[in-house]
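Just so it is clear, none of the values below were taken in a lab; they were calculated from the coordinates. If you're wondering where the values come from, they're calculated on a predicted model, not measured in any experiment. A quick note on method: Cβ atoms are made from the backbone with ideal geometry, for glycine too, and the neighbour counts reach across all protein chains shown.
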Amino acid sequence: MKNFFKLAVITVLMVGLSAGLYSNGLNLNSNGSKAIAMGGAFVGLADDYSAVFWNPAGLTQMTETNLALFGTDIIPAASYKFSPYGIDTEAKTEHHVSGGLGFFTPLSDKIVVGIYGYVPSGLGVTWEGNDLLPLWPAGPYEWSTLVGIIAVSPAIAVKFSDQFSVGAALNFSYGLAKVDKPGLGQYTMDLDGTAIGATFGVMFKPSDKFSIGLTYKTPLKATLKGDAGMAGAPLYLLPATDEAELEITWPMWIGAGIAIKPTEKLTITADAQYTNWEKMDTFPVTFSNPGWIGAFQNDAEILLYWEDKIQIRFGAEYKVSEKLALRGGYYYDPGPGPKSTLNILLPELTFNWITLGFGYKSEKITLDVGVEYGMGQDLTAAPADIVYGMPGTIGMNIIVPNVALTIRL
């Protein structure tokens, strides 16, 4: 019973982690085609609409009213092997399309305001139940997750001098999480909720060739509510569904970055981005029905044993001409979870990411195109390693094409 609650609750956590706080596995720490193409090393540069996400202080670099549209398609390819049970399967191929829409305008030569609506996460994973019958022979069961976040972030940035700017954004987020997996029969959970957080940024530009950025994202508190269903609950003379609730605080995030322009055509960036994952340890699910509380609530508490992690990112842009720029980058994305909490619904893997892209700028329109490819390091857990999870080997690669259009009005 603990295992199915473990997987269900972790799936719900995926929603919050993606809400600007970035988990590993299926969720991505990326926004904006230019930033993505430069490896997400953008805290010290932040010179387009995605500054709301990376460093709001960078919005002061906008000198015209801008309308920005961003679209991306997250395509994960996951595998799971557990040789003692003869399991060697792959997740179904899925496309998780999301995007963003923003409007920004200078109020003066020192103040820029705007609003950006975007989807920090819109993805999931589905496994073929027949392939997992050796683990759950009473099936086949559905094994899937679907998560999403819609965030709306009004922002303001103020330039105190040519060298120093500050910015802030409020992040109003709506999240949803759905899970299907075996429990006492087929188990389902469908939760959603809202949360409010904030992002603060500063940018220091001692010269036109060098800038430093620092960003802080507050912890995000939310209560996710909805319904849980368990087909076998009537065997205990309980209703097959009940109301479920999860209260959670997601950890803070701090990013620091630099941007260097050794020549007029070349820009080089580097970031270090820290997430306080250690705060995510125990999470109980609560129910409203006394029977559900008595039968399942103690088993609903889970331990993640996650650890604080730092992403290291590098990027570069080379301007071939006044209109065309080529971009590339790399980042190291360490997984926060140990093998003791390994499971197939939230693969907590370490990734190495390669990014490429280009930008084309005309008088009124900028087109940015990028792609990132994440190479996950297989994570293997023996049965003796598992505390709250599933033994076996999980692997994953992810490809993420994206495109953005910025219109100067």
To the nearest 10 degrees, how steeply does helix 2-17 sit against the main Cα axis of the chain, on a 0 to 90 scale?
20 degrees
Full extension between residue 210 and residue 172 adds, at 0.36 nm per residue less the Cα distance, a length in nm of 10.4 nm
Karplus couplings for the stretch 52-68 from phi (6.51 cos²θ - 1.76 cosθ + 1.60, θ = phi - 60°), rounded to Hz, Gly and Pro as x?
3, 7, 8, 6, x, 4, x, 4, 5, 7, 7, 10, 10, 5, 10, 10, 10
Phi-derived 3J(HN,Hα) across the stretch 319-335 with the Karplus relation (6.51, -1.76, 1.60, θ = phi - 60°), rounded Hz, x for Gly and Pro, is 8, 5, 8, 5, 9, 10, 10, 9, 9, x, x, 8, 8, 9, 10, x, x
Need one number: nm distance between label points at residue 321 and residue 63, each 7 Å from Cα along Cα→Cβ, rounded to one decimal.
2.2 nm
Simple label model, 7 Å out from Cα along Cβ direction - residue 92 to residue 264, nm:
5.5 nm
In debye to the nearest 20, how big a dipole does the chain give about its Cα centre with +1 on each Lys and Arg Cβ and -1 on each Asp and Glu Cβ?
1120 debye
What net charge is computed for the residues neighbouring residue 400, neighbours being all others with C-beta under 9 Å from the C-beta of residue 400, Lys and Arg scored +1, Asp and Glu -1?
-2
Please tell me which of these pairs span more than 18 angstrom C-alpha to C-alpha: 92/181; 81/178; 209/361; 92/309; 181/221?
81/178; 209/361; 92/309; 181/221
Aspartates and glutamates with Cα under 18 Å of residue 339, excluding same-chain neighbours fewer than 8 positions away:
278, 281, 307, 308, 348, 378, 385
Loop-only trypsin sites (Lys or Arg not before Pro) in the stretch 322-399, please: DSSP not H, G, I, E or B, and at most 15 other Cβ atoms within 10 Å.
323, 364
Alpha-carbon centroids, the stretch 140-158 and the stretch 353-409: separation in whole Å
16 Å
So what's the net charge close to residue 363: Lys and Arg +1, Asp and Glu -1, counting the other residues with Cβ under 13 Å from its Cβ?
+2
